[in-house]
Amino acid sequence: MNNISINNEACNNITWQLINNVNELHEIEEQWQSLALESSNPTPFSSPKWILNWYQIYWQDNWELCTLAGYINNKLVVLFPSYTQHSQQWPYVKVMFPLGQGEPEDAEISSEYCDVIVSAGLESIILTELLSKLTELNIDQIIWNAALQNSHIIKLIAQAYVYTAIPSHHQYRIECSKWVLQSLSKNTRSRYKRSNNQLKKINASFNWVHSKDYEKYTLLLIEYHQALWKARGSQGAFSQPNFKNFHNQYRNSDSVKISAIIVDNIPIAINYYFSDKTTLYFYQCGWDSNNYANFSLGLSLHLWSMENCNHKYYDFMMGDINNSYKSKYGAQQSLMSNIAINIKPRKIFISKVINKLRSFIT
């Protein structure tokens, strides 16, 4: 689509579309991708590839698409990617979630940084217009998790709603050009040096993996990852079929990147990433904890990947506010919050009381 000049006056003439059919989402996929790339807060988690894949894997019959799209001169300038979950029992609460969140917890893919997608430079006017449309929707509650403090969704709801924002995690992000080894503590630097010396003795190499080998490396990552979690008494995310299906479908995306430590042609540690133009997002990892238990493989691979990253930012994404291992890398920490907006507080209160009574009965 040709670029169209948009000024503030044109923002008063936004044409709105309420999308409640997935076919309509597919119809705007190309425009959606362009908007996501040119927005002020682009991430892989706002892309149609991520969200439509999530829809295909996780969608349930009692959910309803409720996505607002805004156009100026037929150009998509804003997308509010959301849907509602409908309770099946009285008082039939309708809860809005961002697309990409709200799936069963044991199989969740942890879509982070979910946000309103807005053309860069037009946020203030477009968000005001969007708010008026949002308040017209028949919903009882909005749940929006893992939101950054500077996100559009927080700015949007702050204009109209009384809401609870519970600090849940930190984003841990490194600006690669400003990061130096001295950012690490003395103890961490010592561990890194010791691990690298151990790896040199066994002729280990560090590599970015070619895309043709992604499937092989992902299968081994799953094996390592599951072994680590089983040792901790947990099944691990990859034990869930939907979680695996999602990543099997998404793996062919251009945004996937994999780094690895290799010994005798065998990967012994693997990091799995997503990426966009500016940022490399760390998502999952796995390593051979049986044969290399005394090596700091995770530390060594992260630091090599950071030093050999072609992106402006290396983003560890969400981590615990306190005592997260991600804090030892000298990353900048930004607060993330889980948001709950009770648009109809009386109805939400009644629903909570009834659900509590039902739990006692059963």
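The values are calculated or read from the model by the stated rules, or taken from the named source; none is laboratory data. In this text the structure is predicted, and so the values were computed from the model without any measurement. FYI the Cβ positions are ideal-geometry reconstructions off the backbone, even for glycines, and counts take in every protein chain you see. Side chains included, ligands, DNA and RNA excluded: accessible areas come from the protein's heavy atoms. Shrake-Rupley method; radii C 1.70, N 1.55, O 1.52, S 1.80 Å.
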May I ask you to verify whether residue 56 is without any contact (Cβ under 8 Å) to a residue 40 or more places away in the chain and more than 24 Å from residue 315 (Cβ to Cβ)? no
Go through the residues of the range 336-352 one by one and say whether even a single one is open to solvent by less than 60 Å² (accessible area, probe 1.4 Å), in a strand (DSSP E or B) and hydroxyl-bearing (Ser, Thr, Tyr). yes
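Based on this model, can you work out whether residue 150 counts as surrounded by 15 or more Cβ atoms within 10 Å (Cβ to Cβ) and within 28 Å of residue 98 (Cα to Cα)?
no
This table checks each residue for (1) modelled with pLDDT under 95; (2) part of a helix (DSSP H, G or I).
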{"residue": "217", "(1), (2)": "no, yes"}
{"residue": "224", "(1), (2)": "no, yes"}
{"residue": "230", "(1), (2)": "yes, yes"}
{"residue": "238", "(1), (2)": "yes, yes"}
{"residue": "249", "(1), (2)": "yes, yes"}
{"residue": "258", "(1), (2)": "no, no"}
{"residue": "262", "(1), (2)": "no, no"}
{"residue": "280", "(1), (2)": "no, no"}
Scope the range 210-265; condition open to solvent by 70 Å² or more (accessible area, probe 1.4 Å), among the hydrophobic types (A, V, I, L, M, F, W, C) and either in contact (Cβ under 8 Å) with a residue 12 or more places away in the chain or in contact with a Lys or Arg (Cβ under 9 Å, 6 or more places away or on another chain) (or both); matching residues: 231
Considering the range 186-209, residues that are farther than 27 Å from residue 278 by Cα and in a loop (DSSP other than H, G, I, E, B), and then whichever is least open to solvent (accessible area, probe 1.4 Å), we arrive at 204
Residues that are of a type outside the set (Asp, Glu) and in contact (Cβ under 8 Å) with a residue 24 or more places away in the chain, drawn from the range 168-179: 168, 169, 170, 171, 172, 173, 174, 176, 177, 179
Enumeration of residues in the range 106-123 that are in a loop (DSSP other than H, G, I, E, B) and of a type in the set (Ser, Thr, Tyr): 110, 111, 113
Could you run through the range 104-137 and say how many residues are over 15 Å from residue 79 (Cβ atoms) and of a type in the set (Asp, Glu)? 5
Inter-residue pairs, beta-carbon under 8 Å, first free of Cβ contacts under 8 Å to residues at least 40 places away in the same chain and in the range 29-40, second surrounded by fewer than 16 Cβ atoms within 10 Å (Cβ to Cβ), 6+ apart: 30/1
Within the bounds of the range 171-181, is there any residue that is farther than 13 Å from residue 80 by Cβ, open to solvent by 20 Å² or more (accessible area, probe 1.4 Å), at pLDDT 95 or above and not in a helix (DSSP H, G or I)? yes
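For residues in the range 131-167 being in a loop (DSSP other than H, G, I, E, B) and aromatic (Phe, Trp, Tyr), which is farthest from residue 14 (Cα to Cα)?
Out of the qualifying residues, it is 163.
Filter the range 338-362 down to residues that are among the charged types (D, E, K, R) and under 12 Å from residue 161 (Cβ atoms), then give me how many there are.
So the count comes out to 1.
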Is there a residue being small (Gly, Ala, Ser), in contact with a helix residue (DSSP H, G or I) (Cβ under 8 Å, 6 or more places away or on another chain) and assigned to a helix (DSSP H, G or I) anywhere in the range 299-314? yes
Among the residues of the range 266-291 satisfying the criterion of being aromatic (Phe, Trp, Tyr) and in contact with a Leu (Cβ under 9 Å, 6 or more places away or on another chain), which is most open to solvent (accessible area, probe 1.4 Å)? 287
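Table: residues versus (1) crowded, with 22+ Cβ neighbours inside 10 Å; (2) among the small types (Gly, Ala, Ser); (3) farther than 14 Å from residue 81 by Cβ.
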site	(1), (2), (3)
115	yes, no, no
120	no, yes, yes
139	no, no, yes
163	no, no, yes
